[in-house]
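The values are calculated or read from the model by the stated rules, or taken from the named source; none is laboratory data. Nothing here was measured: the structure is a model prediction, and the numbers come from that model. Positions of Cβ are backbone-derived with ideal geometry, glycine not excepted, and every protein chain shown enters the neighbour counts. Surface accessibility is based on the protein's heavy atoms, side chains included, excluding ligands, DNA and RNA. Shrake-Rupley method; radii C 1.70, N 1.55, O 1.52, S 1.80 Å.
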Amino acid sequence: RLYPSRDGLRLNLVANSSFEDDADNDGVPDFWQWGNPPRGTYDETFGFYGSASIVGAPDGRFLRQRNTTLAPNSFYTFSVYAKNEGQQEEGAARLFFNDVETGQSVSFAGTSFSGGCTRFNNETAYVLEIPMTTTDFNRFECTFTTTDRPLQATIQLYGEGVRFDALQLELGENVSDFTTDYSSASPQTAYLRVPPDYLGCTGAPTDPPECG
């Protein structure tokens, strides 16, 4: 089953993007990991979207989500709602990238980006900074172009006393309204029949007729 890409249909690639789910009740939102202790706070009573959010950890520790696959030569837009409650340090939402095949970091030199982000770490990563003056929820956005290789993205959230919620990573060069999955509750569905391996289908004109 497939969902054809059409005008207005967007998919948020961040799993558990508003921190609502903790199925194993371990005090950490599903699909997210804290780095080394100390941890920040998983607040299940308050958020910009829904009823949960994350408050960043001290000592430069972070919450992260890894292994989001991105297509090559494509625009993506990353966004996050955040506010600085502790006003002790600036917060940051960072994106790191690795080549899917080699696992190595990738330089974005020569590619475009726009919005409120900057590049760092020898042009291999992007950061959205959350100023100490941001005392109400604001949305921070970054649009960038991927390289010519398939990538895996890692999101890291930093900042003692900084509250994060409603993260979104979506295909396209414009930020859209926040959604936890597809932007439509009932996207149009298409079905693809995949031939069995024993037919040896390659897409060549000499393929058996059963390959379709």
Springs between alpha-carbon atoms under 10 Å, Gaussian network over the chain: tell me which of Tyr42, Tyr198, Tyr182 tops the mean-square fluctuations. Tyr198
Please list log₁₀ I(q)/I(0) at q = 0.12, 0.14, 0.22 Å⁻¹ for segment 26-128, using the Debye equation with identical point scatterers on the alpha-carbon positions. -0.50, -0.68, -1.39
Convex hull volume per residue in cubic angstrom - Cα atoms of segment 72-158: 83
Spherically averaged projected area in nm², based on the convex hull that wraps the Cα atoms of segment 56-109: 5.3
Within the accessible area of the chain (1.4 Å probe), percent carbon and sulfur: 45
Alpha-carbon radius of gyration plus Dmax, which is the widest Cα pair, for the chain in Å: 19.5, 67
Sites Glu123 and Val100 - FRET efficiency at Förster radius 30 Å, r taken between beta-carbons, to 0.05: 0.95
